[in-house]
There are 2 protein chains.
Amino acid sequence: MNDISPPRKRRNAGRVTLNDVARQVGVSALTVSRFFNHPERVSQALRQRIGEAVSALGYVPNLMAGSLASARSRIVGMVIPNISGPIFADTIQAFSDTLARHGHQLLLASSYFSLEQEENAVRTFLGWSPAALVVTSHFHSESTEKILAEAEIPVVETWDYQPGRAPIQVGFLHYDVGVMAARHLLDKGYRRIAFVLNSAVGDFSALERRAGYGDTLQAAGLESWSFAPSAECVPFEAGKQAMESLMKEARPPDAIIFANDNLAAGGLLTARRMGLRVPDDCAVMGFGDYAFSGMLLPALSTIRPPARLIGEIAALRVLESLSVIPSTTPLQRLNRLECELVEREST
Amino acid sequence: MNDISPPRKRRNAGRVTLNDVARQVGVSALTVSRFFNHPERVSQALRQRIGEAVSALGYVPNLMAGSLASARSRIVGMVIPNISGPIFADTIQAFSDTLARHGHQLLLASSYFSLEQEENAVRTFLGWSPAALVVTSHFHSESTEKILAEAEIPVVETWDYQPGRAPIQVGFLHYDVGVMAARHLLDKGYRRIAFVLNSAVGDFSALERRAGYGDTLQAAGLESWSFAPSAECVPFEAGKQAMESLMKEARPPDAIIFANDNLAAGGLLTARRMGLRVPDDCAVMGFGDYAFSGMLLPALSTIRPPARLIGEIAALRVLESLSVIPSTTPLQRLNRLECELVEREST
DNA sequence: AGCTGTTATGTCAGCGCTAACAATGGCTAG
DNA sequence: CTAGCCATTGTTAGCGCTGACATAACAGCT
């Protein structure tokens, strides 16, 4: 019955395409493409007319198609331990904003300090041919290392600085933070200084801070001493547990460095509930300078990491690597940032 | 000279493609494609062999190509006022995690309460043919409304609940929060209750909370009264400014509702510095239940929004709309969530 | 005039994948 | 025994865009 089968239809969905714009203006599709990607290569007159047609038709470039054709995208993937934590949020914010200012988008995933989740996220992100990838710290699973090395895109490690590593790094030496905290307490005259680790397993950076603390105490001829709260308890509880346990010892510490301000806050409030005076009976020191740290009673002495700066500089390094912005060259060294000691009432 | 020009080369870059896998196994590319997207339509035996080939070759599906071909992606865009703020971070975290569990990715942008930035973000996101779009509140520019309506993808509005609006909404009625705060203070016997607005322009939700407060006071035959800090100052400062200014009045308030906990914290500390007793001289109430709120002295009474729940349910609604997970149907009503009054020492 | 170089635009082929349709073979129902 | 059906796999034709290359037009130069 049917003579010629009609050409197979495809669900174009009536979306406005480059070709529609091109036809409207009377040029080839490529010229319109250039209008978006290399406007300087299109004559003034055409630029004007294309611009009008674009807004008249309400054309939205299909970034997927563009990325597929050019094997480049304007997506940057970021894997970070968590989003809602008080420190990383600032980094994400600054990173995202800086990218956005230069027309790039942020694809985000959290790893919860799990190397396996990090690997999954990296793998998935690579499926999107991202322009670059940003991860946290230099601790990765072996396969993640391999994948990142073979990805042939810029990779930036944040929140850490390990001299001599290949990828671009934007962060600080956690070891130094441990040294800084220990020195501060030593200068203040404390001698029995304990260190409380994070209850979150996989937070290797905290271990480096402890190493800095340990070496500093050893160099001063003092005994170092660390407490690991049971995993699986929330930071605040872990701090409480640590304080109770440490103070029960025969010779309790006269100062405690907590792996972060959440733990320190738990410790601080527990100390007060136990009737201890802070810092007279026991000094307390945190890390992170969270929003609440200055409002505690006594206000918490802590070390403030350059969270926003990390995000911003990481984004700038990414954009430089992609030649989106000119390279401000010998900045390699400026990737090593400093933490700031915030001395308040608890030490 | 040259007889036949060689076929033009393209920068394949040696990446492993579907075809490579298919060739290795000895099937067509489509079968491998089905292996990933509709595994149930591939025979057991092939599934096995394809799976092996995939990991042997280290094949990573090119999601761009897939999305282009199918006009569907597994990206969900989210536009939120800010990332690092203490409340939205939880929503983002829960949203991202829930999406990730079902193989979807989060593309994130922040609007800083600016309708224009929101519109830009939405426009850009649409270029990625996202599977769905999530925005904050029901306040959008006219063109954003239009774009969203025409997008033909699920759109979810979060952090707000306006009866009778078309898009899926997951949130609460800010008006109710205002009522709840006012009622609480009235019940406690306060009569001269002031409201302090947010210093961030564009936070329309705060205006709705104020409306709830205003109507409640009016219904009680009391005068309502609001203070707007100068824009451009950080929340903490704005709270300070408000407290100083309000307390200088001839008949100062006996209770103040702040638009959020940051403002309230500024107000609280200022009150104490001014020698006022809280809550005896002036009660203080916030909104948000930020991390520090319970640690202030006196601990801040506030209203806790279901931040994580919003993120999680928004993600579930998105996934349902996309038929990724079965629809738990008459949940429409469950999208309206409740805030919780957290009574502490400041009221 | 002829040559080179530069700028502005077009042609063509494909990026890697999947929807629509077709084909194959085994199996049941009439 | 054959039509009809399901399950499984293959063929074809793009999705919307951009790279490499080609071309045209025109300027500046010998």
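The values are calculated or read from the model by the stated rules, or taken from the named source; none is laboratory data. All values derive from a computational prediction rather than experimental measurement. Glycine gets a Cβ as well: all are built from the backbone with ideal geometry, and neighbour counts include every protein chain shown. Side chains are part of the model used for accessible areas, which takes the heavy atoms of the whole protein and leaves out ligands, DNA and RNA. Shrake-Rupley method; radii C 1.70, N 1.55, O 1.52, S 1.80 Å.
Restricting the range B:132-156 to residues that are hydroxyl-bearing (Ser, Thr, Tyr) and surrounded by fewer than 18 Cβ atoms within 10 Å (Cβ to Cβ), the residue that is nearest to the chain's Cα centre (by Cα) is B:Ser141. Within the range A:26-52, the set of residues being open to solvent by less than 50 Å² (accessible area, probe 1.4 Å) and away from DNA strand D (no atom under 13 Å from the Cβ) comprises A:Leu46, A:Gly51.
Of the residues making up the range B:261-290, those that are in contact (Cβ under 8 Å) with a residue 12 or more places away in the chain and among the small types (Gly, Ala, Ser) are B:Ala264, B:Ala265, B:Gly266, B:Gly267, B:Ala271, B:Ala283, B:Gly286, B:Gly288. Would you be able to tell me the number of residues in the range B:86-95 that are at the interface with chain A (Cβ under 7 Å from one of its Cβ atoms) and open to solvent by 20 Å² or more (accessible area, probe 1.4 Å)? Result for the range B:86-95: 2. In the set (1) more than 8 Å from chain B (Cβ to nearest Cβ); (2) within 29 Å of A:Arg304 (Cα to Cα); (3) open to solvent by less than 30 Å² (accessible area, probe 1.4 Å); (4) in a loop (DSSP other than H, G, I, E, B), the condition left unmet by A:Met78 is number (4).
Meeting the requirement of 3 or more residues that are under 26 Å from B:Lys240 (Cα atoms), the helices (runs of 4 or more DSSP H) wholly within the range B:141-221 are B:174-187, B:204-219.
Taking the conditions (1) at pLDDT below 90; (2) within 16 Å of DNA strand C (Cβ to nearest atom); (3) of a type outside the set (Phe, Trp, Tyr) in turn, B:Gly85 satisfies each one other than (2). Screening the candidates B:Glu312, B:Glu320, B:Glu338 for the property of being of a type in the set (D, E, K, R) and within 26 Å of B:Gly189 (Cβ to Cβ) yields one hit, B:Glu338. Scanning the range B:240-257 for residues that are free of Cβ contacts under 8 Å to residues at least 60 places away in the same chain and in contact with a strand residue (DSSP E or B) (Cβ under 6 Å, 6 or more places away or on another chain) gives B:Ala242, B:Leu246. For the range B:96-131, the set of residues classified as surrounded by 23 or more Cβ atoms within 10 Å (Cβ to Cβ), in a helix (DSSP H, G or I) and more than 9 Å from chain A (Cβ to nearest Cβ) consists of B:Leu99, B:Glu118, B:Val122, listed by residue number. Inspection of the range B:211-232 identifies at least one residue that is of a type in the set (D, E, K, R) and either open to solvent by less than 10 Å² (accessible area, probe 1.4 Å) or modelled with pLDDT under 95 (or both).
Against the list (1) within 14 Å of chain A (Cβ to nearest Cβ); (2) more than 16 Å from DNA strand C (Cβ to nearest atom); (3) open to solvent by 50 Å² or more (accessible area, probe 1.4 Å), the condition B:Arg72 fails is (2).
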